[in-house]
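In what follows, a structure is listed as structure tokens, so that the remarks can point back to it.
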Amino acid sequence: MFKYILVRTGFIFVVLIIILSMNFLFLKLAPEYPPANEDQKNSWLVQQYTRGYKDMWLETEDLTILAMREQEIVVPNNAYFRDEESQYRIYAPVPISRQYYIWAYNIITEWDWGVSTRLWVNMPAFTVLATRMPVTLKLNFLALFVYIPLGFGLGILAALKKNKWQDNAISLGVMIFISIPNFVIMTVLVMTFGFQLEWLPRQYPAQYIEGWIQIKALVLPVLGLSFGAIAGLTRLTRAEITEVLTSEFLLLARTKGLTRAQATVRHAMRNSMVPLVPTVIGSFVGLLGGSVVIERIYGIPGTGTVFIQSLTRNAYDYNVILVSTAFYTTIGLIAILLVDMSYGIVDPRIRMGARK
Amino acid sequence: MEDKKQVHEFLSPENFEFVQMGEKIYDKKFETKPIGYFKDAMIRFAKNKTNVFASIILGLVILGSILIPILSTKNAEVQESRLAYLPPRIPVLADWGIADGFKYLDNQVVDLSTIDPETGLGIPATMPIEYIKLDTLENYYTTCNDSTNQSCVGGDNILSVDVNRTHVYVESSSVDAISTYQLLSLSQATEGYIKLDIAQLNLTDENAVFNVYLKPTLFGAWTLVFSTTEAGVFDISPYEALGGVATVNSQIRMELVTTESSDSVYIHSVEVYNNTQEEPVYLATGYNMAHFYKLVTVDEFSGGTWNRYNGQVLAARFYYDAYAYAFGDYTIPALPRSTYDALMIEYADTCTVNWVDPADPNHYTFTEGCPIIEVLGKVGVVVVGDTEYFSYRIVANYGLMNGYDEIPYFLFGTSGTGKDLFKLIWIGTRTSLLLGVLVSAVNIAIGVVYGAISGYYGGNVDLIMQRFSEIVGRIPWLVTLSIFIALYGPGQVALFGVLIISGWIGVAGVTRTQFYRYKGREYVLASRTLGAGDGRLIFRHILPNGIGTIITTSILSIPGVIFTESTLSYLGFGIGHGTTLHIFGLELTGVSIGVLLSDGRNRLLYEPYLTVFPALLISILMITFNMFGNALRDAFNPALRGSE
């Protein structure tokens, strides 16, 4: 068991490193977008130099400077230069492999993910993300607490009332909500309750607005996030419980004299939990991915919005992109790891890491 | 038990005979046709009526997406800004008052000259009365702070000093007796005095003061006549302060002296009264006073702001016939002469000139039925040599000018660019569907080959390929998206990249399972013994047996592709207006349902139909597609029925 956990953790770690490195390398191949403001750009260049991402040298030969001004000598590719009257200051990037090493070293030793170049210029990229994390996590955990009881409840109800009208109604709802993309659901929700009926805020309120509005503003995004997830969980729960309800050990339980309720709660539910618990853990990743779109629609200042903003056309903020994708990837992989392990905890029959 | 025995006893052996008594037994042909794999699936498919119904609707949607863009004569290509945001108008329903093309307008400033004495209701100057649904017309007052709007009456004007400045002036306009900005004129003989109404004076600086200046003569020097540090209504007799003059004809200058930028003075009005009449002879308040001009650069210490505050404007809200308005008469400021001449030739029969004023040869009207209603004159006249170049300023009928014989029915309204939303939606559906099919086809091609190799060879090959696909499958879509966007920018490359990178893994997994299931079967062994190569075994023996599951997985992946595509397009990372997709000779417009929904996002309040209809269509498409896919899976693989 311990060895299995170790191997899985190791594998997940390797995958994480591969994904992050790949992301870093590909983004390095794309054209750079330094800060637009000249002062901020200079400060950024100095930082790049002190961190070792760029080499800096001075060109003091009068003739060379003249030639550079006349553009007879072209400054090396991808380099920045500053004409300082008597000298030419040139910043040129070091090889990507060297940059990669510095990047990884800085993250491991100082948790330094570089600075933002466009969003909050020259702020540490991780700070940019960290200030937005609470909102996103709050929403997603709220959605989790809404969707788990509802999904289980509806699924169990549908299974117990199989092929009656309750089951048919629930199945229809499941079919509808599992199919419609969540941004469509969210847009329609905002339109109906925000704009037409005016019951709830049309947009996520700013932080300084306090009280009741902040709570009311959580309703729509949580609903928008959880509709699809509820439908998925309901369908799975229904399928699992239906299967268990027809099994022989349940018949045995009934013949022993247990009531239908006792048999369902003690035997059917427990056994159907085996595939459900991992699904619930895994669904957190799905919620988090979906919240990118929801945040965008409702104007929520969360990590998803940061990610989308850092991907603004021709103003890409690579360090923020890197740190936010790292955030999503890490959470996703941890969830996968938990899913793998939860099988063994929920169902003792599954022996983890067992050889055939 | 007893009963059964009796039945048995009742059947005596004589009642039985052998079917083939006296016949020779040969191989006989089946009397019924054999039921193959696909036919069997078809029978099972037809049993579930709900799914058949969903499949029929899906079929209709697909048919619609092919036929409607071809058959519809409405415009979905050219921008027509005058037709932007027209509400839905549906033929039969319009007679009942639903979807009749009327649109709600709120917060429209009323033109005070249009107020009807009977009802007391006014309408805005921009909207002719014949288009307004009069029983819905309402007038109400609302606050305004717009110094350029003449209808914005009453309220105060606020004077305040900029940061790091010590004073600010405003002055009434100089010699211009014709307009409302006239000189203040008062004389001692008629007991003339100035009445100054200061609504509020917020001073925090201890040396702050509010001053009023006049000029003793028209071109004299500014002289202080009054100053205060408190609000109130003041009567000012300026004769003494001005050095004993008996009559004053002057501009007025008001000055706020303070070092605090938070200090301000709210001036309500400046009036001049005399004993000859009750009414003020001079009145500046609200809008008039907003046109006192602020002296910007008297010196380096001077500067501030002069703003309207708390004015009131009469506003109207009403429903109006958006279609009649859009297709009605409108002014074209400059119609090129060539266009005019072409129209004159085309409508030679219907357009007859009626002179409005015989003396003015450039102003005439046309008879009814002519696209041009009235010619107001020539503009931009340039004479080069003997030829005269000019354009016409005309009033024209939009419908006739643009070739609409009658006002069209835009079933779902129009988009922000004046295109028919109904046609756009179907074009968008076509794009989404084709993209879905194409991407799925690519995914299937990659997935089947990958899964086949992995499953067929097994062992270390399988192990390595499995690890690889696991790692690729673990990449979140955000990572793929950011890489593609950074390298290629938003557009079709990024869209295809994101859809394909993670799309093939599902198909590969299913194919691999199918290969594991069938590769050990006897018929495969037999074929191999007969000398069949790997290719033959894979494509002729194993793949056809697993094809049912592979097909259903593939079809079930299409709605997923549409889902992702619309989400990315909605976020602005996929395709968009104006782009075209070129795939294998197919040319698709960049409009997809996601793009349309993205357009509607900022118009949720007044144009909800821009969101409702695309949302409805994509919902129907996704629901029916999923039901169809599930039905297909149940039919091909009854063992999986009811599960995920």
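Could you pull out every one of the aspartates and glutamates with an alpha carbon less than 18 Å from that of B:Lys378, ignoring same-chain neighbours closer than 8 positions?
Within the straight-line limit of under 18 Å, B:Lys378 reaches these aspartates and glutamates: B:Asp341, B:Asp357, B:Asp360, B:Asp386, B:Glu388.
Please work out the Cα center distance from region B:263-342 to region A:13-57, rounded to the nearest Å.
53
Report, largest value first, the span of the C-alpha coordinates of region B:10-63 along each principal axis, in whole Å.
Each principal axis gives a Cα extent; for region B:10-63 these are 63, 34, 14 Å.
Any chance you could list P(r) for region B:433-592, counting all Cα-Cα pairs in 10 angstrom bins from zero, rounded to whole %?
10, 34, 29, 17, 8, 1
For region A:58-169, compute Rg over Rh where Rg is the Cα radius of gyration and Rh is the Kirkwood radius from the inverse mean 1/r over Cα pairs.
Over the Cα atoms of region A:58-169, Rg/Rh equals 1.43.
So how do A:233-242, B:194-203 stack up, highest first, on mean other-Cβ count within 10 Å?
Ranking, from highest mean packing down: A:233-242, B:194-203.
If you scale each eigenvalue of the Cα gyration tensor by 5 and take the root, what three semi-axes come out for the protein assembly as shown, rounded to whole angstrom and sorted largest first?
One finds semi-axes of 71, 41, 32 Å for the protein assembly as shown.
Rg and Dmax of region B:388-501, Cα atoms, in Å?
Using the Cα atoms of region B:388-501, the pair Rg, Dmax is 25.5, 88 Å.
What lysines does A:Lys216 reach when the alpha-carbon gap must be under 17 Å and sequence neighbours fewer than 8 apart in one chain are set aside?
A:Lys138
Take peptide B:612-625, look around each residue's Cβ out to 10 angstrom, count Cβ atoms belonging to other protein chains, and average those counts.
4
Defining a contact as two alpha carbons under 8 Å apart and six or more residues distant in sequence, what relative contact order in percent does chain A show?
21
How shielded is A:313-320 by partner chains, expressed as the average number of their Cβ atoms within 10 Å of its Cβ atoms?
Values: counts 6, 2, 0, 4, 0, 2, 0, 0.
Going residue by residue through A:313-320 and averaging, the value is 2.
Relative contact order for region A:2-119 using alpha-carbon pairs under 8 Å, separation at least 6, rounded to a whole percent?
Worked out over region A:2-119, it gives 26 percent.
Cut-off is 10 Å between beta-carbons; in what order do B:Phe496, A:Phe26 appear when sorted fewest neighbours first?
Ascending number of Cβ neighbours within 10 Å: A:Phe26, B:Phe496.
Measuring from the lowest to the highest alpha carbon on each principal axis, how far does chain B reach, largest first, in angstroms?
Principal extents (largest minus smallest coordinate, Cα): 148, 80, 71 Å.
Over region B:328-401, calculate the relative contact order: mean separation of alpha carbon pairs under 8 Å at least 6 apart, over the residue count, as a percent.
Answer for region B:328-401 is 38 percent.
Order B:102-115, A:119-132, A:296-309 from most to least packed using the mean count of other Cβ atoms within 10 Å.
Details: B:102-115: 15.6, A:119-132: 18.3, A:296-309: 22.3.
The most tightly packed comes first, giving A:296-309, A:119-132, B:102-115.
Among B:Lys29, A:Lys54, what is the fewest-to-most ranking by other Cβ atoms within 10 Å?
Exposure proxy ranking, most exposed first: B:Lys29, A:Lys54.
Regarding chain A, what is the average projected area of its C-alpha convex hull, in nm²?
Working: hull surface 103.3 nm².
The Cα convex hull of chain A, projected and averaged over all directions, gives 25.8 nm².
As an exercise, take the mean of 1/r over every pair of distinct alpha carbons in region B:328-401, invert it, and state the Kirkwood radius in angstroms.
Result for region B:328-401, one decimal place: 12.7 Å.
Can you list residues from other chains, or at least 5 along the same chain, whose modelled amide H is less than 5 Å from the amide H of B:Val110?
Hits under the 5 Å cutoff: B:Leu314, B:Ala315, B:Ala316.
What are the semi-axes of the equivalent ellipsoid for region A:2-119, taken as the square roots of 5 times the Cα gyration tensor eigenvalues, largest first, in whole Å?
Whole-Å semi-axes of the equivalent ellipsoid: 38, 14, 12.
Using 1/(1 + (r/R0)^6) with R0 = 35 angstrom and r between the beta carbons of A:Thr312 and B:Ile471, what's the FRET efficiency to the nearest 0.05?
Details: r = 29 Å, r/R0 = 0.84.
Taking R0 as 35 Å, the efficiency between A:Thr312 and B:Ile471 is 0.75.
Within 10 Å of each residue's Cβ, count the other Cβ atoms and sort B:Ser391, A:Ser179, B:Ser338, A:Ser43 from fewest upward.
B:Ser338, A:Ser43, B:Ser391, A:Ser179
Taking each pair of distinct Cα atoms in region A:133-301 once, what is the resulting Kirkwood hydrodynamic radius in Å?
17.4
If the viscosity is 0.890 mPa s and the temperature 25 °C, what Stokes-Einstein diffusion coefficient in µm²/s follows for region B:156-309 when Rh is the Kirkwood radius over Cα pairs?
So the translational diffusion coefficient is about 157 µm²/s.
Setting aside same-chain residues fewer than 8 positions from A:Lys54, which aspartates and glutamates have a Cα under 14 Å from its Cα?
A:Glu32
Based on the Cα atoms of region B:1-156, what semi-axes does the equivalent ellipsoid have, where each is the square root of 5 times one gyration tensor eigenvalue, given in whole Å with the largest first?
They are 83, 24, 14 Å, listed from largest to smallest.
Bear in mind these aren't lab numbers, they're just calculated from the coordinates by the rules spelled out. It should be emphasised that the depicted structure is a prediction, and the values quoted were computed from it without experimental measurement. Glycine also receives a Cβ, built like all others from the backbone with ideal geometry; neighbour counts cover every protein chain displayed.
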